[in-house]
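Here the structure comes first, spelled out in structure tokens, and everything after it is commentary.
The values are calculated or read from the model by the stated rules, or taken from the named source; none is laboratory data. A quick note: this is a predicted structure, and the numbers were derived from the prediction, not measured. Note that each Cβ is placed from the backbone with ideal geometry, even for glycine, and that neighbours are counted across all protein chains shown.
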Amino acid sequence: MSAVGDWTLHYSWGNANNFGQAPLSLKSNGTFTGSLAGKWRQQDGTLLLSFDTGPAKYGGTVDASVASGAMSTFGGLAGTWYMLKQGVVGATAATPEMAGSVDAAGNKA
């Protein structure tokens, strides 16, 4: 199953239980747009995300309308993430990225 579609990325840097959110639209050409842009790849149940404007790399698994995994800048920042396909029952609406922190691409604000 392809991950193409509109998603909400929930990400948390470090050991904090404080998740920022960013809307992403995964396109069939291997790119994504939204609050940040980049490239994505899917092989079987593995999903990889790479942002155009920051060092963060995301890796994890995807199954139907849910994905989750870990991310790293490979320069000291690491964390966890999950994504929900828009329209999933029980999902919360996307909110702006957390001010004064690190964005989804791994850039410090």
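Please specify each residue of region 30-39 satisfying the condition of being in a strand (DSSP E or B), surrounded by fewer than 19 Cβ atoms within 10 Å (Cβ to Cβ) and under 12 Å from the mean Cα position of the chain (by Cα).
Pass one, region 30-39, residues in a strand (DSSP E or B): 31-34, 38-39.
Pick out the ones that are also surrounded by fewer than 19 Cβ atoms within 10 Å (Cβ to Cβ) and you get 31, 33-34, 39.
Selection gives THR33, GLY34, LYS39.
Residues of region 64-88 being aromatic (Phe, Trp, Tyr) and assigned to a strand (DSSP E or B), which ones? Give the derivation first.
Here is the first cut: in region 64-88, the residues aromatic (Phe, Trp, Tyr) are 74, 81-82.
Those that are aromatic (Phe, Trp, Tyr) and assigned to a strand (DSSP E or B): TRP81, TYR82.
Only one of (1) without any contact (Cβ under 8 Å) to a residue 60 or more places away in the chain; (2) closer than 16 Å to HIS10 by Cβ fails for LEU36. Which number is that?
That leaves (1) as the condition not met.
Name the single residue that is nearest to TRP13 (Cα to Cα) among those in region 69-99 being among the hydroxyl-bearing types (Ser, Thr, Tyr) and at pLDDT below 90.
From region 69-99, those among the hydroxyl-bearing types (Ser, Thr, Tyr) are 72-73, 80, 82, 92, 95; that's our starting set.
Filter again for at pLDDT below 90, leaving 92, 95.
Details: THR92: 20, THR95: 17 Å.
For region 69-99, the residue satisfying everything is THR95.
Tally up the residues in region 5-21 that are at pLDDT 95 or above and surrounded by fewer than 16 Cβ atoms within 10 Å (Cβ to Cβ), please.
Looking only at that region, the number is 2.
When you look at ALA104, is it out of contact with any Phe, Trp or Tyr (no Cβ under 8 Å at 6 or more places or on another chain) and either at pLDDT 95 or above or assigned to a loop (DSSP other than H, G, I, E, B) (or both), yes or no? I'd like the intermediate steps shown before the answer.
Numbers: out of contact with any Phe, Trp or Tyr (no Cβ under 8 Å at 6 or more places or on another chain): no; either at pLDDT 95 or above or assigned to a loop (DSSP other than H, G, I, E, B) (or both): yes.
Considered against the rule, which asks whether it is out of contact with any Phe, Trp or Tyr (no Cβ under 8 Å at 6 or more places or on another chain) and either at pLDDT 95 or above or assigned to a loop (DSSP other than H, G, I, E, B) (or both), ALA104 comes out as no.
Select from region 1-48 the residues that are among the hydrophobic types (A, V, I, L, M, F, W, C), within 22 Å of SER101 (Cβ to Cβ) and in contact with a Leu (Cβ under 8 Å, 6 or more places away or on another chain) and list them in ascending order.
TRP7, LEU9, TRP13, ALA22, LEU24, PHE32, LEU36
Any chance you could count how many residues in region 1-21 are of a type in the set (S, T, N, Q) and in a strand (DSSP E or B)?
Matching residues across region 1-21 total 3.
Conditions tested, residue by residue: (1) modelled with pLDDT of 95 or more; (2) of a type outside the set (Phe, Trp, Tyr); (3) part of a strand (DSSP E or B); (4) surrounded by fewer than 14 Cβ atoms within 10 Å (Cβ to Cβ).
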residue	(1), (2), (3), (4)
PRO23	yes, yes, yes, no
SER28	yes, yes, no, yes
ARG41	yes, yes, yes, yes
LEU47	yes, yes, yes, no
TYR58	yes, no, yes, no
VAL62	yes, yes, yes, no
